[in-house]
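Below is one structure, written out as structure tokens; comments come after it.
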Amino acid sequence: MSSANDRYVIVVGIDFSELSDRALDQALEAACLRSNAEVHVIYVEPETWVNVDLPAAPDPAARTEAMLQRVQQRASERVGALGSRLDGERLKRVVVHYRRGAAAEQIAQLAADLDADLVIVGSHGLRGLQRLLLGSVAERVSRLARCAVWIVRPKDHATEGRVPEIEPPCPECVKRRQETGGAQLWCARHAEHHVRPHRYSYATNGIYASSSAPYQATPDSV
């Protein structure tokens, strides 16, 4: 376990998508919460792309250099975009890496090589046939890595077709929370009736807590 005086190493996988930009942003911000932190940004090019027989295939060394520069540019762009939100005293350095092979394996291997404390990857949330064909790099990284793995995905609780046990949020509950600034969590229907198994919730000094019992509308509940 890293102490406050040790290097705190974060490995983040990118694929130049908007979601991977968010993963990189969160890696940079997380690094600023630790002392002596560094972020290692890795892009993995599939071997199947490299081995395609093209008449004008680029020189491997030139290809590697070009991709390293591209990763470096993306990392620099994100550091610049976050600007004052980053603590330069804590974020010691950002290092870029370019590897070829299976993305999950290469990300997990870099984390092992660097004795990383945290790996951050994005998940595009593929489902059905797309997920079957493409698989999930994030899920495989979480199985292979021997440190904490942080999976960044878009917030989308309302999407249909997900696991039946997880229902989308009630629009009226969402509206109620917005109108009251979070002081009231549930709409009138869910606060007064047992339509959904909301948990018993209360607030003490602005800190919410909940029990494992199904929600009951009692005089003590908020």
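The values are calculated or read from the model by the stated rules, or taken from the named source; none is laboratory data. If you're wondering where the values come from, they're calculated on a predicted model, not measured in any experiment. As a convention, Cβ positions derive from the backbone with ideal geometry for all residues, glycine included, and neighbour counts pool all protein chains shown. Side chains included, ligands, DNA and RNA excluded: accessible areas come from the protein's heavy atoms. Shrake-Rupley method; radii C 1.70, N 1.55, O 1.52, S 1.80 Å.
Can you name the residue in the range 79-106 that is part of a helix (DSSP H, G or I) and under 12 Å from A31 (Cβ atoms) and, of all such residues, is most open to solvent (accessible area, probe 1.4 Å)? Show your work before the answer.
Looking only at the range 79-106, we keep the residues that are part of a helix (DSSP H, G or I), and these are 79-85, 103-106.
If we keep only those that are under 12 Å from A31 (Cβ atoms) as well, we get 79, 82, 85.
On the way: V79: 53, L82: 11, R85: 153 Å².
Among residues in the range 79-106 that are part of a helix (DSSP H, G or I) and under 12 Å from A31 (Cβ atoms), the one most open to solvent (accessible area, probe 1.4 Å) is R85.
Just checking, which of Q178, Q130, Q109 is farther than 25 Å from H40 by Cβ and either at pLDDT 65 or above or part of a loop (DSSP other than H, G, I, E, B) (or both)?
Details: Q130 fails: either at pLDDT 65 or above or part of a loop (DSSP other than H, G, I, E, B) (or both); Q109 fails: farther than 25 Å from H40 by Cβ.
That would be Q178, the only listed residue that is farther than 25 Å from H40 by Cβ and either at pLDDT 65 or above or part of a loop (DSSP other than H, G, I, E, B) (or both).
Can you tell me which residue within the range 20-57, out of those that are hydroxyl-bearing (S, T, Y) and either farther than 30 Å from R85 by Cα or modelled with pLDDT under 85 (or both), is most open to solvent (accessible area, probe 1.4 Å)? Write out each step before concluding.
Of the residues in the range 20-57, the ones hydroxyl-bearing (S, T, Y) are 20, 35, 43, 48.
Keeping just the survivors that are either farther than 30 Å from R85 by Cα or modelled with pLDDT under 85 (or both) gives 35, 48.
Numbers: S35: 50, T48: 101 Å².
Across the range 20-57, the extreme among qualifying residues is T48.
Scanning the range 1-19 for residues that are out of contact with any Phe, Trp or Tyr (no Cβ under 8 Å at 6 or more places or on another chain) and at pLDDT 90 or above, which turns out nearest to S136 (Cα to Cα)?
So, considering only residues that are out of contact with any Phe, Trp or Tyr (no Cβ under 8 Å at 6 or more places or on another chain) and at pLDDT 90 or above, the one nearest to S136 (Cα to Cα) is V12.
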